[in-house]
Number of protein chains: 2
Amino acid sequence: MDKDITIYDIAKELDLSPTTVSRALNDHPAVNKNTKQKICDIAAQMGYRSNIFASNLRKQRTNTIGVIVPRLNSPFMSSVMAGMEKEANNADYNLIITQSLETMQKEITNARTMFDSRVDGLLVSLAYETDTMDHFEPFISKGTPVIFYDRVIEHNQCTSIVIDNFQAAYKATCHLAKQGCKRILHLTANQKRNVYADRLKGYRYALIDNNLPFDESFVLITNLSEEAGVEAAQQILKMQPMPDGLFVSNDTAAVSCMRELQKAGIMIPDDIAVVGFNNDPISRVIEPNLTTVNYPGYEMGEVAVRSLIHHLNGLSDITITNTITLRSELIVRASSLRTKIE
Amino acid sequence: MDKDITIYDIAKELDLSPTTVSRALNDHPAVNKNTKQKICDIAAQMGYRSNIFASNLRKQRTNTIGVIVPRLNSPFMSSVMAGMEKEANNADYNLIITQSLETMQKEITNARTMFDSRVDGLLVSLAYETDTMDHFEPFISKGTPVIFYDRVIEHNQCTSIVIDNFQAAYKATCHLAKQGCKRILHLTANQKRNVYADRLKGYRYALIDNNLPFDESFVLITNLSEEAGVEAAQQILKMQPMPDGLFVSNDTAAVSCMRELQKAGIMIPDDIAVVGFNNDPISRVIEPNLTTVNYPGYEMGEVAVRSLIHHLNGLSDITITNTITLRSELIVRASSLRTKIE
DNA sequence: ATTGTTGTTGCAATCGGTTGCAATATAAAA
DNA sequence: TTTTATATTGCAACCGATTGCAACAACAAT
């Protein structure tokens, strides 16, 4: 197993040309059946493996998909990655994964790496901060497809894969209103990102439709970390009057906020009803169980990769498709259910 | 931005040879300072980017690390991935990630993919089922370094990166014994894997050292999924007498088991004290908070990549290093603390 | 016997960098 | 002035697979 076997070695062995060997191994129709069989047998026997660099160099295609993700270690994003990996693997594509850690700087560097790696396509979920698309232009102008998922942006050459954040937030807020909440606070993140902007909008429309006043001081913009949840709770405790409903843009912050409120003696859902977002495992563990929006991460990953590969194979065209919206649903649990009202 | 710029284009532009251009861009010492400067300037200006396939083809090196992981979507593994990505990115390496989904079949396919992709090194955490190492032999005999992390196996050419599972389990079990538990049940997984075999061993030694009898029916082998936790709870409820202590090999199963027990009216920790493993976020959310073993996933990922790259750069030799053991610690929380005993 | 068709194979160029060795220029030493 | 050392640069082969085009054989159609 010292030196690598090449098609030249196989060719010499069978007294054929490298051309024929190459064709045989790629199942080209213009090769005699017997010859093909013989070549494949010998190849297997000699332990041949194709040199993908030579192949890529020649074919100008890499069979590699680049993924830029804000953070790998969140339950939602790791589900997305798992779904992507499965689909990519099925279609014989490799995945190169990098994380932006929510900074635009790293996102730009990552994009550059992907570009240099000549990925066949790029899947991106934007960092909190990102406010320019310049780093994706090289892909566009080279014709490399770019698909945004979850944290997306409008671009006339790129498909976006999302859930209906407006709708989800609208329903979540309406649900709180139905439970009798009059002063609903919204804890969310950077408004540059569609997911948070849309949710805020959904929240506002729901307030209007339920004849509740909108109060700017009832919208807290944070990074939705565990700590942010705690801080939000401390702020809430100081409010006069306190909110009686809480709609948080992710479960991590919702849970840590709930716990901090509980520590201060607040009863959930009676004093404050809470709704989260994502349906992370913790939402089913916290007491009372957290009402949340189920967010199909795994499917989102699958769909993203599948769309990309379809496009690469010419089976569809993502420059035409604008947006793919996946179904999400409000899962009502005890954290927002006021039995007395029901 | 239509056609890619090559070193030939730059060469022509400056009336130099491609050789010199290549050398200049790689900061080769045998190139005149001024020439180098000029070349770099033009390259930047023309938007040149190196074709890594041509380069890899010639250099027989890929600057890519392969990672095989059982599942991407677990809090522990996604932390490991995050740590790996950070370190790899720092050192200008790419990561190709695949998941075995706990089957040996997929692990073998993945290894094959990695081999074909000619990764410079391989990081592996074994699937539950795996019981042969044949699929890693091609790497070994080609001199491609392989490092195992977490779910490891003894191999005289490979370094393993682990925590001291024996020690951790020993401490966890002793802790339960100190809390007055006399009948401690151990819920764990496939004994093919070091992590679970070592923990069982730690559990057994702890029983001995605390003068507690070992009972085979008190060791449940499962896949540690959420469902497995529920089933374990149902089994436990049927036991006569019931265990009064529970040491579970991960937090997911520990939590779902606890909840099922609580549903049946069991008081935790008074009727049954529980210890988990991993320090997942849910362990801090469940009521009562789960005592668990803190498991440095992020660091493990960092260390794995760092060791690999050091080896690749000749700064160390992983065929000499046998095992790198990271620190872990028992985090005592309410799920195992019996105040009356304290 | 001639032309056409189909099936199979090979030639040679190509993808874009890298590198051993030789060539040349320039400066320093004899 | 000649010799030797040093600094720069280029030639040409190479890495391994792919592919347009031509070549050739075998056989059918005319």
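Inspect region B:260-268 for any residue being within 29 Å of B:Ser125 (Cβ to Cβ) and not assigned by TED's automatic domain parsing to the domain that holds B:Thr130 and give the result as yes or no. Scanning region B:260-268 turns up at least one residue that is within 29 Å of B:Ser125 (Cβ to Cβ) and not assigned by TED's automatic domain parsing to the domain that holds B:Thr130. Selection of first residues in region A:50-64 that are within 22 Å of A:Ile10 (Cβ to Cβ) and of second residues that are more than 6 Å from DNA strand D (Cβ to nearest atom) and open to solvent by 40 Å² or more (accessible area, probe 1.4 Å), restricted to Cβ pairs under 6 Å at least 6 apart or on distinct chains, gives the following pairs, ordered by first then second residue: A:Leu57/B:Ala54. Would you check if B:Leu212 is within 14 Å of chain A (Cβ to nearest Cβ), at pLDDT 95 or above and farther than 22 Å from B:Ser256 by Cβ? So B:Leu212 fails the test.
Here region A:23-36 is the region considered, the condition is being surrounded by 12 or more Cβ atoms within 10 Å (Cβ to Cβ) and more than 8 Å from DNA strand D (Cβ to nearest atom), and the residue that is nearest to the other protein chains (Cβ to nearest Cβ) is A:Ala24. If we scan region B:324-336, do we find a residue that is in contact with a Gly (Cβ under 9 Å, 6 or more places away or on another chain) and within 14 Å of B:Ala88 (Cβ to Cβ)? No, the conditions are met nowhere in region B:324-336. In region B:12-22, is there at least one residue being in contact (Cβ under 8 Å) with a residue 24 or more places away in the chain, surrounded by 18 or more Cβ atoms within 10 Å (Cβ to Cβ), within 16 Å of DNA strand D (Cβ to nearest atom) and part of a helix (DSSP H, G or I)? No, the conditions are met nowhere in region B:12-22. In this structure, is A:Phe166 closer than 19 Å to A:Pro296 by Cα, open to solvent by 20 Å² or more (accessible area, probe 1.4 Å) and among the aromatic types (Phe, Trp, Tyr)? Answer is yes for this residue.
So, in region A:70-83, of the ones that are closer than 21 Å to A:His311 by Cα and under 9 Å from the mean Cα position of the chain (by Cα), which residue ends up nearest to the other protein chains (Cβ to nearest Cβ)? Checked region A:70-83; the qualifying residue nearest to the other protein chains (Cβ to nearest Cβ) is A:Met81. The sole residue among B:Leu123, B:Leu95, B:Leu101 that is out of contact with any strand residue (DSSP E or B) (no Cβ under 7 Å at 6 or more places or on another chain), of a type in the set (A, V, I, L, M) and either closer than 16 Å to A:Ile97 by Cβ or at the interface with chain A (Cβ under 10 Å from one of its Cβ atoms) (or both) is B:Leu101. Note on region B:115-221: enclosed strands (runs of 3 or more DSSP E) holding 1 or more residues that are without any contact (Cβ under 8 Å) to a residue 60 or more places away in the chain are B:121-124, B:146-149, B:219-221. Restricting B:Leu122, B:Leu95, B:Leu101 to those that are touching a Phe, Trp or Tyr at 6+ places or on another chain (Cβ under 6 Å), more than 14 Å from B:Asp150 (Cβ to Cβ) and modelled with pLDDT of 90 or more reduces the list to B:Leu122. Mind checking which residues of region A:11-22 are in contact with a helix residue (DSSP H, G or I) (Cβ under 8 Å, 6 or more places away or on another chain) and within 11 Å of DNA strand C (Cβ to nearest atom)? Hits for region A:11-22 are A:Ala11, A:Leu14, A:Leu16, A:Ser17, A:Pro18, A:Thr20, A:Val21, A:Ser22.
With respect to A:Asn34, determine if the residue is within 11 Å of DNA strand C (Cβ to nearest atom), in contact with a Phe, Trp or Tyr (Cβ under 6 Å, 6 or more places away or on another chain) and not assigned by TED's automatic domain parsing to the domain that holds A:Ile96. When the stated conditions are applied, A:Asn34 does not pass them.
Taking region B:1-11 as the range and being open to solvent by less than 60 Å² (accessible area, probe 1.4 Å) and within 43 Å of the chain's Cα centre (by Cα) as the test, the residues that pass are B:Asp4, B:Ile5, B:Thr6, B:Ile7.
Residues in region A:126-148 that are within 11 Å of A:Gly66 (Cα to Cα) and of a type in the set (A, V, I, L, M, F, W, C) were compared, and the one that is farthest from the other protein chains (Cβ to nearest Cβ) is A:Ile147. Within region A:324-342, being modelled with pLDDT under 95 and among the hydroxyl-bearing types (Ser, Thr, Tyr) holds for one residue alone: A:Thr339. Among the numbered conditions (1) over 30 Å from B:Ala253 (Cβ atoms); (2) out of contact with any Phe, Trp or Tyr (no Cβ under 9 Å at 6 or more places or on another chain); (3) away from DNA strand D (no atom under 16 Å from the Cβ), the only one that B:Ile108 does not meet is (1).
Residues that are within 13 Å of DNA strand C (Cβ to nearest atom) and open to solvent by 20 Å² or more (accessible area, probe 1.4 Å) within region A:37-73 comprise A:Gln37, A:Lys38, A:Cys40, A:Asn51, A:Ile52, A:Ala54, A:Ser55, A:Leu57, A:Arg58, A:Lys59, A:Gln60, A:Arg61, listed in sequence order. Here B:Phe76 fulfils each of the conditions (1) assigned to a helix (DSSP H, G or I); (2) open to solvent by 60 Å² or more (accessible area, probe 1.4 Å); (3) under 30 Å from B:Glu299 (Cα atoms) apart from (2).
The values are calculated or read from the model by the stated rules, or taken from the named source; none is laboratory data. Note that the structure is predicted; figures quoted are calculated from it, not measured. Glycine also receives a Cβ, built like all others from the backbone with ideal geometry; neighbour counts cover every protein chain displayed. Side chains are part of the model used for accessible areas, which takes the heavy atoms of the whole protein and leaves out ligands, DNA and RNA. Shrake-Rupley method; radii C 1.70, N 1.55, O 1.52, S 1.80 Å.
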